[in-house]
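Undergrad: Quick one: the structure is below, questions incoming.
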Amino acid sequence: MTLDLFQQRRDYLAELQAEQSGYQQWTRLAHQEPPEGDWFFWLLEGGRGSGKTVAAVSYMRDHLNGPPCLTGSIPHRASLIAPTIGDAVESAEMNDISLVRSQPGAVLTQARGGSLVRWPNGSQVRLFGAYTKEDYERLRAGGNRCIVWAEELATWRRLKDAWDQMMFGLRIGPRPRVIGSTTPKPRPEYIKIRGQAAHISRASTADNPHLNRQQRDALYELHDGTALGKQELHGELVEEAEGALWSYELIHAARFDDPPATIARTVVAVDPPGGVTEAGIVACALLPECRCDGERLPHFAVLADRSAKLSPDGWGSRTVDLYHELTADRVVGEVNFGGDMVDAVIRNTDSTVAYKSVRASRGKRQRAEPVKALYEQGRVHHVGTFSELEAEMVQWVPDESSWSPNRVDALVWALTELGAGKTGRLGTSMVAV
């Protein structure tokens, strides 16, 4: 078969398969329209269910069925990069909205070097994760690409490393491109990468008329009006508020990727909701002392944030479950709003839990400032990223914010119970909370 006949056959098959595809009848919403012009990086930021994934799938499908970027039997070499290789498989095949389901004849296969989607016209989409060093090293050796879909970009654990390796390989064809689809997260690395986008499309969960109304209403009922809702529903990048005690730089400076090997003591703190707010449920640990500027000082780790809008039975069960999951030493609960109810909820859920009631005798600022001082000393380490907690930390302005920072309250109570802000054994004196 001559090259011209091969090209004609391939183009015919691509057109036929596009006509048969279920996405052929799909009409893009305004925020799903790709930008015009010779762009390099298109970023789709949106709340949960806003339609950013289907927009990325549709553009990838059109590109793979379009004019070839390469000569020969493989017209396009593309990549799908997700937070983990498992997430990439979900986006490639298993989700209702996926590459394979968008194109009759497309299949997910295992080949030498990993998983890839084989397109009917011969194009290939190789799958990558961005979670471990091995993941981004695979990107280094994964070959050059003409287009990349960066799924849930803001949640890539090895964001900078994976992005850098992806960029080195994005150099095939007349117009190499990358599409990012993500709910924005306030990570310093993401904010820098975000600044490279030629065009940012934004949408909220409510902007998708095809989303199940009952599901949408339930999400808004749970999270609207919170820092989490601003991020996860409205698709907004939660930035630092002027006057907030914490900054992202301060939080990120002492972050741990992996759990500490040794823990001296663990506390789960619960701050019950007032009205329709969330219940703050945060677990922290006391670590063995570390040498800092010639002194041995205690350090602390934030292990989990399980805060949510829940009924008393719901937040009671979640608190107790976390207590057992971490083999914690104690649960502490603020009683200002709930009074004896907090004690009763925890006891009724599990009478064996070691529980202590705490009561705020000072304002939120006075309780939080000694804990903030520990962050300034690099002695509080978030184990991984707690986007919702961290968003609340950098958004809450003491004495000015009209909302209650329940996650922050739980964080402060847990660290206070572990000894934060009290007189250290080596004479390091801080204001008691």
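The values are calculated or read from the model by the stated rules, or taken from the named source; none is laboratory data. In this text, all values refer to a predicted model and were calculated from it rather than measured experimentally. Glycine also receives a Cβ, built like all others from the backbone with ideal geometry; neighbour counts cover every protein chain displayed.
Undergrad: Could you tell me whether any residue of segment 103-120 is touching a residue at least 24 places away in the same chain (Cβ under 8 Å) and under 26 Å from residue 232 (Cβ atoms)? Spell out the reasoning first.
TA: Taking segment 103-120 as the starting set, the residues that turn out to be touching a residue at least 24 places away in the same chain (Cβ under 8 Å) are 103-105, 113-115, 117, 119-120.
Remaining after also requiring under 26 Å from residue 232 (Cβ atoms): none.
Within segment 103-120, none of the residues are touching a residue at least 24 places away in the same chain (Cβ under 8 Å) and under 26 Å from residue 232 (Cβ atoms).
Undergrad: Turning to a different aspect of this structure: Can you name the number of the only condition in (1) among the aliphatic types (A, V, I, L, M); (2) surrounded by 22 or more Cβ atoms within 10 Å (Cβ to Cβ); (3) in the same structural domain as residue 372 (by TED's automatic domain parsing); (4) at pLDDT below 90 that residue 227 fails?
TA: Every listed condition holds for residue 227 apart from (3).
Undergrad: Of 200, 179, 172, which residue is part of a strand (DSSP E or B), surrounded by fewer than 18 Cβ atoms within 10 Å (Cβ to Cβ) and modelled with pLDDT of 70 or more?
TA: Numbers: 179 fails: surrounded by fewer than 18 Cβ atoms within 10 Å (Cβ to Cβ); 172 fails: part of a strand (DSSP E or B).
Checking each option against the conditions leaves just 200.
Undergrad: Looking at segment 26-60, which of its residues are modelled with pLDDT under 75 and touching a His at 6+ places or on another chain (Cβ under 6 Å)?
TA: 47
Undergrad: Here's another thing I want to ask about it. Scan segment 174-186 and report the pairs whose first residue is within 13 Å of residue 34 (Cβ to Cβ) and assigned by TED's automatic domain parsing to the domain that holds residue 63 and whose second residue is among the β-branched types (Val, Ile, Thr) and assigned to a strand (DSSP E or B), with Cβ atoms within less than 7 Å and a gap of 6+ or a chain change.
TA: Every condition considered, the pairs that remain are 177/147; 178/148.
Undergrad: Could you tell me whether any residue of segment 274-288 is modelled with pLDDT of 90 or more, under 14 Å from residue 419 (Cα atoms), aliphatic (A, V, I, L, M) and over 23 Å from the mean Cα position of the chain (by Cα)?
TA: Yes, segment 274-288 contains a residue that is modelled with pLDDT of 90 or more, under 14 Å from residue 419 (Cα atoms), aliphatic (A, V, I, L, M) and over 23 Å from the mean Cα position of the chain (by Cα).
Undergrad: Yes or no: segment 68-86 includes at least one residue that is under 26 Å from residue 185 (Cα atoms) and part of a helix (DSSP H, G or I). So that I can check it myself, show each step before the final result.
TA: Our first condition is that a residue be under 26 Å from residue 185 (Cα atoms); within segment 68-86, this holds for 78-86.
Checking the rest, the ones that are also part of a helix (DSSP H, G or I) come to 85-86.
Within segment 68-86, one or more residues are under 26 Å from residue 185 (Cα atoms) and part of a helix (DSSP H, G or I).
Undergrad: Can you tell me which residue is modelled with the highest pLDDT among those in segment 314-363 that are under 19 Å from residue 411 (Cβ atoms) and touching a Pro at 6+ places or on another chain (Cβ under 6 Å)?
TA: My answer is 342.
Condition check ((1) under 27 Å from residue 200 (Cβ atoms); (2) more than 24 Å from the chain's Cα centre (by Cα)) across all residues:
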{"residue": "63", "(1), (2)": "yes, yes"}
{"residue": "70", "(1), (2)": "no, yes"}
{"residue": "83", "(1), (2)": "yes, no"}
{"residue": "88", "(1), (2)": "yes, no"}
{"residue": "99", "(1), (2)": "yes, no"}
{"residue": "117", "(1), (2)": "yes, yes"}
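Undergrad: Also: State which residue pairs qualify: first residue hydroxyl-bearing (Ser, Thr, Tyr) and inside segment 148-162, second residue in a helix (DSSP H, G or I) and modelled with pLDDT under 90 in any location, beta carbons under 7 Å apart, and separation of 6 or more residues or different chains.
TA: As it stands, the answer is none, since no pair meets every condition given.
Undergrad: Can you pull out every residue in segment 263-273 that is at pLDDT 90 or above and not acidic (Asp, Glu)? Give the steps one after another, and end with the answer.
TA: First, the residues of segment 263-273 that are at pLDDT 90 or above: 263-271.
Those that are at pLDDT 90 or above and not acidic (Asp, Glu): 263, 264, 265, 266, 267, 268, 269, 270.
Undergrad: Can you tell me which residue among 55, 92, 88 is touching a strand residue (DSSP E or B) at 6+ places or on another chain (Cβ under 6 Å) and within 18 Å of residue 177 (Cβ to Cβ)?
TA: Numbers: 92 fails: within 18 Å of residue 177 (Cβ to Cβ); 88 fails: within 18 Å of residue 177 (Cβ to Cβ).
Just a single option satisfies the conditions, and that option is 55.
Undergrad: Are any of the residues in segment 386-409 closer than 16 Å to residue 297 by Cα, crowded, with 18+ Cβ neighbours inside 10 Å, out of contact with any Phe, Trp or Tyr (no Cβ under 7 Å at 6 or more places or on another chain) and modelled with pLDDT of 90 or more? Quick ask: steps written out before the conclusion?
TA: Pass one, segment 386-409, residues closer than 16 Å to residue 297 by Cα: none.
Within segment 386-409, none of the residues are closer than 16 Å to residue 297 by Cα, crowded, with 18+ Cβ neighbours inside 10 Å, out of contact with any Phe, Trp or Tyr (no Cβ under 7 Å at 6 or more places or on another chain) and modelled with pLDDT of 90 or more.
Undergrad: For segment 345-366, how many residues meet the condition of being assigned to a helix (DSSP H, G or I), of a type outside the set (Val, Ile, Thr) and more than 19 Å from residue 247 (Cβ to Cβ)?
TA: Going residue by residue through segment 345-366, those that are assigned to a helix (DSSP H, G or I) are 345-349, 364-366.
This time we only want the ones that are of a type outside the set (Val, Ile, Thr), so: 347-348, 364-366.
In the following step, the residues that additionally are more than 19 Å from residue 247 (Cβ to Cβ) were identified as 347-348, 366.
Total meeting the criteria: 3.
Undergrad: For the subset of segment 139-150 comprising residues that are crowded, with 19+ Cβ neighbours inside 10 Å and either assigned to a strand (DSSP E or B) or out of contact with any Phe, Trp or Tyr (no Cβ under 6 Å at 6 or more places or on another chain) (or both), which member is modelled with the lowest pLDDT? Lay out the reasoning, then the answer.
TA: Here is the first cut: in segment 139-150, the ones crowded, with 19+ Cβ neighbours inside 10 Å are 139, 142, 145-150.
Narrowing further to those that are either assigned to a strand (DSSP E or B) or out of contact with any Phe, Trp or Tyr (no Cβ under 6 Å at 6 or more places or on another chain) (or both): 142, 145-150.
Details: 142: 82, 145: 95, 146: 96, 147: 97, 148: 97, 149: 96, 150: 96.
Here the residue is 142.
Undergrad: For residue 287, which of the numbered conditions (1) in a strand (DSSP E or B); (2) more than 14 Å from residue 408 (Cα to Cα); (3) out of contact with any Pro (no Cβ under 6 Å at 6 or more places or on another chain) fails to hold?
TA: (3)
Undergrad: Report, by residue number, each residue of segment 87-125 that is modelled with pLDDT of 90 or more, in a loop (DSSP other than H, G, I, E, B) and either more than 14 Å from residue 62 (Cα to Cα) or of a type in the set (Phe, Trp, Tyr) (or both).
TA: Correct list: 105, 119, 122.
Undergrad: Looking at segment 151-165 only, could you name the residues that are surrounded by 20 or more Cβ atoms within 10 Å (Cβ to Cβ) and touching a Phe, Trp or Tyr at 6+ places or on another chain (Cβ under 8 Å)?
TA: Of all residues in segment 151-165, those surrounded by 20 or more Cβ atoms within 10 Å (Cβ to Cβ) come to 151-156, 158-159, 162-163, 165.
Within segment 151-165, 153, 154, 156, 158, 159, 162, 163, 165 qualify.
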